[in-house]
Structure formats: C-alpha cells, structure tokens
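Worksheet for the structure shown next.
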Amino acid sequence: MEKLLRCTACPRLAGFLAEVRQREPGYHARPVPPFGDPRARLLIVGLAPGMHGANRTGRPFTGDHAGILLYETLHAFGFGSRPDSVSADDNLRLRDCRITNAVKCLPPENKPEPAEIKTCNHYLAAELQQSPDVRVILSLGLVAHKAVLMALGLKQSALVFAHGARHALPGDRILVDSYHCSRYNTQTRRLTSAGFQDVFRKIREELGT
C-alpha cells in the first residue's frame, strides 16, 4: 500500500498530480489503492480515478457520478452495506467484493496513455496473484478488460470485449465484461440500470449465491 501511494513511475501522471495538489490541497491527488474485502470473490476493475471522485476522496468510484450506479447496484445485490459512496470515512463496507482500477493515478482528460497502462499493470497483476479467493473479475470498459488480460499474461486478442460477455480464465476464474458506468454511458443510456443489473445477476450465478 505504501509503495503504491508513493509511486511516481509515470512522469506525466506524477507531474499532473503534483499540479492538482497545488490547486486542490484538500484532495487525495495520489495513486488510489483498492477498496473492499481483502478475501473477496468478486474483483471489479475500472479505468482510473476521476478528478473530483476517487482523486479527491482516495476511494475508487467515490464522490462523483461514475460511482452512483455502481454502488447502488452493489448494494442491491448484497455486496455493499449502503447504496452510495460519498467519502472515504462514510462507514461503507463491501462484502465479498473489492474495487480497483487499471491505472491507479488520475490521467489528464481521463485518458491514460498505453505506456502508462502498461507501467501500472504490475499492481493489478500483484492484486490478482495475491487474491486466491477471487473467482469473478468484472471489467468496466475495454481498457479494464485489456488490463486484466495483460495482468494475467494473456494475448490481447484472446478474449474479445463485449457488454455482458463471459470469458473463462486460467485458474477457474471468470471474466465478465460491462460498459463502464461513466456519466456519458449512463446519460446516453448505453448503460442502463437494468442492463447493469443483468450483469450482476450473471455474477451472482457464477458465485453460486
């Protein structure tokens, strides 16, 4: 955890976070660690922290629009103790679920560069190696999908991203894909609440509970 919080391996991202800390001294503005149950069977992988969400609060998908549908759905399916996540000290607890990102630092314009995704990938690889209980991985968007394949040493062409797709992974794990729960996707209804719930029904079926 401390090594992650001190990471400055990507010069562009480290420089950008330094600028943000100057402008917003109350913001977390550092790499954002995973959040949730360390023995979880479900690992959710997003893209990267949002400027006024995880980058501000220090918790994935917390404090901005992107987390609204996610935490509401987690609560509805028994993974979260409450239907919203507003701050890192709001007493929210995740059960059998942990959330992380493909890129741990806020990227300018929410667009990490390919080299940054690759540089950060060893953190995700370590998370997967150190999480023997994880049975289902949910990738939120194409970048997260590709990051999971990279972390597992699989070819990028091996499994094709598609909303609601189910992929068998080595070690009896399952990868499930979903569109990212971003403001753009939810407001354009590319991702609806019903569609997201369908994904979580599949996840519950996979977990057998």
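Nothing in this text is a laboratory measurement; each read-out follows from the coordinates by a stated rule. The structure displayed is predicted, hence computed values, not measured ones. Note: ideal-geometry Cβ built from the backbone for every residue, glycine included; neighbour counts use all protein chains shown.
Counting only other residues whose beta carbon sits under 14 Å from that of residue 205, what net charge do I get with K and R as +1, D and E as -1?
My count for the surroundings of residue 205 gives +4.
Based on Cβ point charges of +1 for Lys and Arg and -1 for Asp and Glu, what charge dipole magnitude is obtained for the chain about its Cα centre, in debye rounded to the nearest 20? List each step's numbers first, then the result.
Numbers: 28 positive and 20 negative charges, 41 e Å.
Dipole of the chain, to the nearest 20 debye: 200 debye.
Picking from 108, 147, 76, whose Cα lies most toward the positive end of the charge dipole for the chain (charges on Cβ: Lys, Arg +1; Asp, Glu -1)?
147
Sequence neighbours fewer than 8 away in the same chain don't count; with that in mind, list the lysines whose C-alpha is under 28 Å from residue 118.
3, 104, 146, 155
Work out the FRET efficiency for residue 209 and residue 84 from their Cβ-Cβ distance, taking R0 = 30 Å, and round it to the nearest 0.05.
The value I calculate is 0.80.
For residue 109 and residue 165, FRET efficiency with R0 = 41 Å and r from the beta-carbon atoms, rounded to 0.05?
Working: r = 28 Å, r/R0 = 0.67.
Approximately 0.90, to the nearest 0.05.
Dividing the convex hull volume of the alpha carbon atoms of region 5-73 by its residue count, what do you get in Å³ per residue? Working shown, then result.
Details: hull volume 7.0 nm³, N = 69.
Spread over its residues, the Cα hull of region 5-73 gives 101 Å³ apiece.
Please give, to one decimal in nm, the separation of the simple spin-label points placed at residue 133 and residue 172, each 7 Å out from Cα toward the Cβ.
Once both label points are built, they end up 1.6 nm from each other.
For region 84-104 and region 1-44, what is the separation of their C-alpha centers, rounded to whole Å?
If you average the Cα positions of each part, the centres end up 14 Å apart.
On alpha carbon coordinates alone, what is the Rg over Rh value for region 62-209, Rh being the Kirkwood radius?
Here Rg/Rh amounts to 0.93.
How large is the helix-only mean residue ellipticity at 222 nm for the chain, computed as the sum of -39500 (n - 2.57) over DSSP H runs with n ≥ 4, divided by its residue count, in deg cm²/dmol to the nearest 500?
Working: 8 runs with 78 residues, N = 209.
Result for the chain: -11000 deg cm²/dmol, rounded to the nearest 500.
Rounded to the nearest 5, what % of the DSSP beta bridges within the chain are antiparallel ones?
For the chain, the DSSP antiparallel bridge percentage is about 35.
Sum up the charges of everything whose Cβ sits under 14 Å from the Cβ of residue 195, counting Lys and Arg as +1 and Asp and Glu as -1, but leave residue 195 out.
It works out to a net charge of +1.
In whole percent, what relative contact order does region 72-209 give with Cα contacts below 8 Å and a gap of six or more residues? Could the numbers behind the result be given before it?
Values: 142 pairs, mean separation 26.9, N = 138.
It comes to 19 percent, rounded to a whole number.
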